[in-house]
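Every read-out reported here was derived from the displayed coordinates using simple, explicitly stated rules and does not represent laboratory data. Keep in mind that this is a model prediction, so the values were computed, not measured. Please note: Cβ atoms are built from the backbone with ideal geometry, for glycine as well, and neighbour counts cover all protein chains shown.
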2 protein chains.
Amino acid sequence: MGYLETYFDRLLPIIEADLRSVLTPPEEAPALPYRMLHYHMGWVDAHGNPIEGKRGKRLRPAITLLACEASGSHYDAARPAGAAVELIHNFSLLHDDVQDQSQTRHGRATTWTIWGANQAINTGDMMYALANLAIRRLSGQGTDPALLARQVFLVNDTCLELTRGQHLDMAFETRDEVSVEEYLDMISGKTGALTATSAQIGAIAAGASAEVCEHYRQFGFNLGMAFQIQDDILDIWGDEQQTGKQAAIDIYQRKKSLPVLYGLAQSESLRALYRDYPVFAAAEVSQVIMRLDEVDARGYARELVQRYTSQTLEHLRAAKPAEEAGQALLELVGMLLNRQK
Amino acid sequence: MGYLETYFDRLLPIIEADLRSVLTPPEEAPALPYRMLHYHMGWVDAHGNPIEGKRGKRLRPAITLLACEASGSHYDAARPAGAAVELIHNFSLLHDDVQDQSQTRHGRATTWTIWGANQAINTGDMMYALANLAIRRLSGQGTDPALLARQVFLVNDTCLELTRGQHLDMAFETRDEVSVEEYLDMISGKTGALTATSAQIGAIAAGASAEVCEHYRQFGFNLGMAFQIQDDILDIWGDEQQTGKQAAIDIYQRKKSLPVLYGLAQSESLRALYRDYPVFAAAEVSQVIMRLDEVDARGYARELVQRYTSQTLEHLRAAKPAEEAGQALLELVGMLLNRQK
């Protein structure tokens, strides 16, 4: 993990400083909405006091900056785009948490539980505006306006995809049958689109060729897809001690994750369980997992992770990344896809 | 009203066609989220069947196109920006309706009452993305990227202001005391910012000088402020028959509108009413209006409308608008600020 660690040590403080710069309130701005933003980002507690604690991993901007360096430019060129993708990610989390009524994120109370859903919706909207503005604010005065325009429109193409994925995700909750294909389409919007853009926009900022940009896009897309399915697997079969989450929470919440959808398509007895029990207690959850194991839903999901991982690596190779940053991206893939939590 | 009518006849179908073009679903897109957008825009019913009925007045894009013509260019140059400001307006309405739990808009059930708050939040996010993308999609291939970038960032500066205003509006609900100054600051974000941009961006699209663009900005800002305060007056003293709304609904809902805030600052007996009655019935509403009349809150609000109107007209004059479009803008001001509904 040598290259990646070196990069993380160098890049994460820069990413964090850029995010803070974009989210700095102008003089005269009311303090509270910015405090909500800073709270969500993990910088302050609900009273506005600085904290050090668990935050998002800032993986998307790290990918952006690494893709830029791997495309032969200094990461500075990609800093505006890196801040934008991270803020877009956080805009979507703010609204997701309201929509899912999630109580905690990174072990802290979610923004809406403190200030109410209405203010959290507004804080998300504010984060969206600032994500777009990050492209302008963090770019140097002399930046080519064509590059600014290209980046900001790409960010909004991506948001459109995010809302498509989120729409499907919410629509699936009330549907009886969802196919594996539909699920993959949903996560391609909800997860794949932003990781795709995170890598592509780094290459764009570096001025890479259309072909190289497309390879980074595919690299990021496949990485996001593999990551999400891996997440689905860890939820059900991961070690609670390592993940830090309640085991099989997706099953308790009857979430239509990939292994479950595959299982439902394969197993009549699993379909019967979902039909007969409107609420799952521990006994039903064990039953569900047993049925999933019978049809080897884990194996099926792992195979998909494997397939997306191969694509990820293939596109990275095809992009002919510069040595060190390319190595760091390779290590990042390994870290994300071999994780136990 | 000759010039304005002529312009409306010419421009409104073009504005509507541009909005429809931006909101056309791409092939393969799930149909439902676009149906929600079209429903909100007043184009279809909840089943997706086309309807003709009451819609938004598309005033903001009309101002954009007129400001462009008044600045000496054909309105075509401002069509992307016009669509963007109207979609931004509608994005904010979608979220407002969720936040305020408003049941109806233009006499139709609001989007969230049909598809739920979660989907309506997502539809608003989608509208925001499409508003940004309108700038690119409706601009010709050869458009100067610097102009694209300038417009899209201005739109997002404006959204930041919208969220500031919305934050304050919601925060005021739970506060005991709000000053008239704070109220004006709130509506400058919630209303003035977008009408300011609607006019300014039309002049920008026309390639007007910085000075002229600033006059249009001030024109739009003051117009929005006057319009909003006029709205507050009509709510309390307007003719129910003409406004089509329940009279004094702001008072029933204890909304801190400008006349109420002025009255509260002036009248101890009004403060006592708000203190002593947590819920207002018809008798209390009559009492409130009587107290407002005692301190001539209507006169105070009218004076403010007058002041903002003078500023509006002054900046329009200073912008030296081209004859016909300038005349149409003048008629628009008259129509909006002398309305009885």
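A few remarks follow.
- Packing, as the average of other Cβ atoms within 10 Å across residues, places the peptides A:91-100, B:166-175 in the order A:91-100, B:166-175, highest first.
- Across peptide A:286-299, the mean count of Cβ atoms from other chains lying within 10 Å of each residue's own Cβ comes to 0.
- Axis angle, to the nearest 10 degrees, between helix B:117-137 and the longest C-alpha principal axis of chain B: 40 degrees.
- Inter-part distance where the stretch A:97-129 and the stretch A:40-83 are each reduced to a Cα centre, Å: 20
- Lys, Arg +1 and Asp, Glu -1 on Cβ, resulting dipole of the stretch B:235-341 about Cα centre, debye, nearest 20: 280
- Placing +1 on the Cβ of every Lys and Arg and -1 on the Cβ of every Asp and Glu, with no other charges, gives the protein assembly as shown a dipole of roughly 220 debye about its Cα centre.
- Computed over the Cα atoms of chain B, pair by distinct pair, the Kirkwood hydrodynamic radius stands at 20.9 angstrom.
- Semi-axis lengths, Å, the protein assembly as shown, gyration tensor of Cα atoms, sqrt of 5 times eigenvalues: 45, 31, 24
- Leading residue at positive end of dipole, chain A (Cβ point charges), from A:168, A:118, A:191: A:118
- Given charges at Cβ of Lys, Arg, Asp, Glu: the stretch A:203-341 dipole, positive-most of A:281, A:259, A:206: A:281
- Mean partner shielding of peptide A:77-84, defined as the number of other chain Cβ atoms within 10 Å of each residue Cβ, is 0.
- Given charges at beta-carbon only (K, R positive; D, E negative), |dipole| of the stretch B:2-337 in Debye: 480
- Phi to ³J(HN,Hα) by Karplus 6.51 cos²θ - 1.76 cosθ + 1.60 over the stretch B:39-46, Hz, x for Gly, Pro: 4, 4, 6, x, 9, 9, 8, 5
- Relative contact order, percent, the stretch A:93-142 [alpha-carbon distance under 8 Å, six or more residues apart]: 32
- Helix A:193-205 and the long axis of chain A differ in direction by around 20°, with both axes built from C-alpha atoms.
- The peptide list A:27-33, B:185-191, put in order of mean Cβ contacts within 10 Å with the highest first, becomes B:185-191, A:27-33.
- Least to most buried among B:85, B:295, A:279 (fewest other Cβ within 10 Å first): A:279, B:295, B:85
- For residues of A:136-143, the mean tally of beta carbons on other chains within 10 Å: 1
- Between the stretch A:304-338 and the stretch B:158-235, the alpha-carbon centres lie 49 Å apart.
- Under the Karplus curve 6.51 cos²θ - 1.76 cosθ + 1.60, θ = phi - 60°, whole-Hz ³J(HN,Hα) for the stretch A:71-88, x wherever Gly or Pro sits: 8, x, 10, 5, 4, 3, 4, 9, 5, x, 5, x, 4, 4, 5, 5, 6, 4
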